[in-house]
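Computed from the coordinates by the stated procedures, all read-outs in this text should not be read as laboratory data. From a predicted model like this one, the values you see are computed outputs, not experimental measurements. Cβ coordinates were reconstructed from backbone atoms using ideal geometry, including for glycine residues, and neighbour counts include every protein chain displayed.
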Amino acid sequence: MIERSLFREDHEIWRETVRRFVEEEIVPFHAKWEHDGIVPRELWRKAGEIGMLCCTVPEEYGGLGLDYLFDVVVFEELWRVGASGGCLVERNAGCRDRTAQHRGGEP
């Protein structure tokens, strides 16, 4: 693998957290969710508890205030296992953007 200098140490620590979450909470159940056509609400709650949702939203609005590369780490880890859960971040970002529109442009 080509070494990348894009990510800092804190991104790689985050990657370890996300990877563990994906391996424990998504991989074992992904095929069933695909078959059923639904992801349980509990997964969203668990993802929120560890900060995978809205991590780029400023802290004053309930997010973690992190840079976009933290979302990229989530994307990469979901894609690494072939999970269709990229929507976890994409939909979350869409909700964040719509909320920003209602607040006059603030995230």
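Segment Arg4..Phe75, full-extension length gain: 23.9 nm, with 0.36 nm per residue of separation and the alpha-carbon distance subtracted. Ranked for footprinting exposure by Cβ neighbours inside 10 Å, fewest first, Arg15, Arg80 give Arg80, Arg15. Return the distance in nm (one decimal) between the two label points of a simple spin-label model at Tyr61 and Ala31, each offset 7 Å from Cα along Cα→Cβ. So the label points at Tyr61 and Ala31 sit 4.0 nm apart.
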